[in-house]
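The values are calculated or read from the model by the stated rules, or taken from the named source; none is laboratory data. Keep in mind that what you see is a predicted model, and the values were worked out from it rather than measured. Because the Cβ atoms are built from the backbone with ideal geometry, glycine has one as well, and the counts that use them run over all protein chains shown. Surface accessibility is based on the protein's heavy atoms, side chains included, excluding ligands, DNA and RNA. Shrake-Rupley method; radii C 1.70, N 1.55, O 1.52, S 1.80 Å.
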Amino acid sequence: MVKISPSVLSCDFADFGNEVKKITSCGAEYIHIDVMDGHFVPNISFGFPIVEAARKSTSAVLDVHLMISDPEKYAEKFAKSGADIITFHYEAVENSEELIDKIHSFGIKAGISIKPKTPPEVLENLIKKVDLVLVMTVEPGFGGQKLIPECAEKVKIIKKMCENAGCSPEIEVDGGITAENVNMLKEYGANVIVAGSFVFKADDTAEAIRQLKE
Ligand code: DX5
Ligand code: ZN
């Protein structure tokens with residue numbers, strides 16, 4: 001069974017606490033929190049206060065996706081703000097292993113993400129250390145884009161790599177996911193599905209989450 005991680009990037013921020021409560025009660029296991037710094041990606045979203053507010057609103061897993069430069073500087077504060085999983089970008093750090101260890105030292109899970117142009121092979125020596133691999137299926141920075149099919153293909157390669165290495169981190173996909181393309185991603189081996197606009201722009205939130213799950 002896959003887990004659904006709605007991205008609050010597309011929620012109504014005027015009603016943030018209730019939006020988080022709503023997706024939790026509609027069956028989302030994770031809450032995806034997209035942090036953007038205007039440097040690693042060409043957009044700015046939000047930071048610690050939103051993670052803290054989400055923590056107060058739900059007991060669901062807070063799945064924090066850091067699209068920021070120097071994530072090693074800020075990981076501890078995100079952990080203290082209530083993150084359960086911190087995912088950073090491979091492209092944003094020099095020493096991924098060190099940051100994975102650091103995140104684990106806060107008693108939470110560590111994830112690593114790759115952008116569309118980064119080949120999955122860079123993760124070969126890291127998959128055994130992480131709890132989650134996040135495969136971006138759009139260029140990070142904005143919600144509401146279309147999924148890039150070549151990126152989805154990377155899930156298959158990562159799944160195979162994990163099998164060969166005898167490890168089983170969660171494989172999460174993020175960007176442009178709808179009821180129409182989700183099955184392909186599941187078949188390739190993804191087990192955590194991020195969806196922003198598909199969930200938050202739906203008239204019936206519970207139905208949208210159900211469609212992604214089934
Ligand atoms: C993009 C973010 C995604 C995004 C997903 O940079 O990482 O989480 O919000 O939104 P949709 O599902 O609308 O593509
Ligand atoms: Zn994300």
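At-a-glance table
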| read-out | value |
| --- | --- |
| Check on THR205, within 16 Å of ligand 1 (Cβ to nearest atom), more than 29 Å from GLY38 (Cα to Cα), open to solvent by 10 Å² or more (accessible area, probe 1.4 Å) and of a type in the set (Val, Ile, Thr) | yes |
| Helices (runs of 4 or more DSSP H) wholly inside region 1-120 containing at least 1 residues that are touching a helix residue (DSSP H, G or I) at 6+ places or on another chain (Cβ under 8 Å), within 16 Å of ligand 1 (Cβ to nearest atom) and closer than 25 Å to GLY189 by Cα | 16-25 |
| Count of residues meeting criterion [under 15 Å from the mean Cα position of the chain (by Cα) and open to solvent by less than 30 Å² (accessible area, probe 1.4 Å)] in region 55-70 | 8 |
| Qualifying positions in region 186-202 - open to solvent by 40 Å² or more (accessible area, probe 1.4 Å) and within 14 Å of ligand 1 (Cβ to nearest atom) | SER197, PHE198, LYS201 |
| Filtered residues of region 1-40 (kept if within 16 Å of ligand 2 (Cβ to nearest atom), open to solvent by 30 Å² or more (accessible area, probe 1.4 Å) and aliphatic (A, V, I, L, M)) | LEU9 |
| Pairs where the first residue, in region 117-134, is among the β-branched types (Val, Ile, Thr) and the second is open to solvent by 50 Å² or more (accessible area, probe 1.4 Å) and within 16 Å of ligand 2 (Cβ to nearest atom), C-beta under 7 Å, 6+ apart | THR118/TYR90; THR118/GLU91; VAL122/TYR90 |
| GLY144 being open to solvent by 50 Å² or more (accessible area, probe 1.4 Å) and within 16 Å of ligand 1 (Cβ to nearest atom) | yes |
| Filter pass, ALA92 being of a type outside the set (S, T, N, Q) and open to solvent by less than 10 Å² (accessible area, probe 1.4 Å) | no |
